[in-house]
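> Here it is, the structure in full.
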Amino acid sequence: MIVSSSFIYVRNEFRRGRGYLAAYRRVLREQGHDVVYVRDIGMQRAKDSEILELARSQDRIVRTFDLDFGDLLALGLNDKPSTIIFRLDDETAESVNTNLLTVLAQTESDLRDGALILVQEFRYRIRRLPIHLT
């Protein structure tokens, strides 16, 4: 498990409801992680690139359902922030948290060094940052 990581949650979590957001945060906080949500810091209308820059400057991991963050990271301009994108059919808090804890336990060094992780049903894929398209 990554020790004392910091996470930033992106705005599209809000459409899943406050109950989901609280459940997402609770699991990470119980594991000793620092968690903020873009709405809590007044960035709910910020551009994705601004959220990535904030996460990079605060050494946070972005946790989102939004594929646009992957597109920005695919430009290959930066080696941080690590970003975890969820593409699950079952987006309940229980499913997301179970997958998140599995990914955190198995990808600690990747996340520390800079990675884009796409989490899907029963698997995840890791791309080290910066991404170099060949």
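The values are calculated or read from the model by the stated rules, or taken from the named source; none is laboratory data. Bear in mind the structure is a predicted one, so any value in this text is a computation, not a measurement. Glycine gets a Cβ as well: all are built from the backbone with ideal geometry, and neighbour counts include every protein chain shown. All accessible areas refer to the heavy atoms of the entire protein, side chains included, with ligands and DNA or RNA removed. Shrake-Rupley method; radii C 1.70, N 1.55, O 1.52, S 1.80 Å.
> Determine whether Phe7 is of a type in the set (Phe, Trp, Tyr), open to solvent by less than 50 Å² (accessible area, probe 1.4 Å), at pLDDT 90 or above and within 15 Å of the chain's Cα centre (by Cα).
Answer is no for this residue.
> Filter segment 95-123 for residues that are free of Cβ contacts under 8 Å to residues at least 24 places away in the same chain and under 19 Å from Arg25 (Cα atoms); which is most open to solvent (accessible area, probe 1.4 Å)?
Top of the filtered list is Thr98.
> Inspect all residues belonging to segment 37-57 and state whether any of them is among the small types (Gly, Ala, Ser), surrounded by 16 or more Cβ atoms within 10 Å (Cβ to Cβ), within 14 Å of Phe7 (Cα to Cα) and modelled with pLDDT under 95.
Yes, there is a match, as at least one residue in segment 37-57 is among the small types (Gly, Ala, Ser), surrounded by 16 or more Cβ atoms within 10 Å (Cβ to Cβ), within 14 Å of Phe7 (Cα to Cα) and modelled with pLDDT under 95.
> Do you know which of the residues in segment 74-89 that are in contact with a helix residue (DSSP H, G or I) (Cβ under 8 Å, 6 or more places away or on another chain) and not hydroxyl-bearing (Ser, Thr, Tyr) is surrounded by the most Cβ atoms within 10 Å (Cβ to Cβ)?
Pro81
> Which condition does Leu100 not pass, out of (1) under 10 Å from the mean Cα position of the chain (by Cα); (2) at pLDDT 95 or above, if it passes all the others?
(2)
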